[in-house]
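The values are calculated or read from the model by the stated rules, or taken from the named source; none is laboratory data. Remember, it's a predicted structure, so these values are computed and weren't measured experimentally. Note: ideal-geometry Cβ built from the backbone for every residue, glycine included; neighbour counts use all protein chains shown.
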Amino acid sequence: MGAGADGQAPDQVAPARPDAPDAASSASQLRVIIRTDGAARGNPGPASSGAVLIDASVPGARRPDAIPFASISEYLGVQTNNVAEYTAVLRALALALEVGAREVEMLLDSKLIVEQLHGRWRVKDAKLILLHGEAKGYLARFARWGATHVPRAQNKQADALCNEAIDRVQAGGPRVVVIRPK
């Protein structure tokens, strides 16, 4: 995992299960694995973002087929792929905060975003500077965060949500579908 808001690696935090009886009192201990994807059919073109949130305390949570407890599928209009990728990260981080996550581990197939969030690559594209700043602002609100690049094949759930969003809107459906925990 990456550094906390102060740049230092915080102490380990015991995981909490959101369905546990004391979930309300331990929500601040929730650790979430986030998988996101952005898609643009053409670049730029009709674009979308998809994200799944997985309880990190569940056995097999890091598996690509782990069952999410929340997800987002959003049509973005005409955008570039990189804008769609960043938007997916932003939506996922906002949802993680909404459900009370204290720690997030992002498993992303966008090497660009992973390297930029860790500060190893500069953000040069004017469209991405604001999105990067917003992402860093969200990340500062978590006790601990990490971002790791994974092969595209390990991100099929988020990719499917992207395709669903574009297809859904083209068929006259809603622009955004968010599934939240009960």
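On inspection, Arg168 passes the criterion of being assigned to a helix (DSSP H, G or I) and surrounded by fewer than 21 Cβ atoms within 10 Å (Cβ to Cβ). For the residues Asn82, Asn43, the requirement of being polar (S, T, N, Q) and either at pLDDT 95 or above or more than 24 Å from His132 (Cβ to Cβ) (or both) singles out Asn82.
For every residue, the table says whether it meets (1) closer than 25 Å to Arg41 by Cβ; (2) over 9 Å from the mean Cα position of the chain (by Cα).
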| residue | (1), (2) |
| --- | --- |
| Arg91 | yes, no |
| Ala96 | no, no |
| Glu103 | no, yes |
| Asp109 | yes, yes |
| Leu112 | yes, yes |
| Trp121 | no, yes |
| Lys127 | yes, yes |
| Leu130 | yes, yes |
| Gly137 | no, yes |
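Being in a strand (DSSP E or B) and hydrophobic (A, V, I, L, M, F, W, C) is not true of Val83.
For the range 105-125, indicate whether the set of residues that are in contact (Cβ under 8 Å) with a residue 60 or more places away in the chain and touching a Phe, Trp or Tyr at 6+ places or on another chain (Cβ under 6 Å) is non-empty. No; the residues of the range 105-125 include none that is in contact (Cβ under 8 Å) with a residue 60 or more places away in the chain and touching a Phe, Trp or Tyr at 6+ places or on another chain (Cβ under 6 Å).
Does Leu112 count as assigned to a helix (DSSP H, G or I), crowded, with 17+ Cβ neighbours inside 10 Å and on the phi < 0 side of the Ramachandran plot?
Yes: the conditions hold for Leu112.
The residues listed here are Ala143, Ala153, Ala92; of these, the one that is loosely packed, with under 15 Cβ neighbours inside 10 Å and not polar (S, T, N, Q) is Ala153. Quick one: is Val99 at pLDDT 95 or above, touching a Pro at 6+ places or on another chain (Cβ under 9 Å) and either crowded, with 16+ Cβ neighbours inside 10 Å or of a type in the set (Asp, Glu) (or both)? Answer is yes for this residue.
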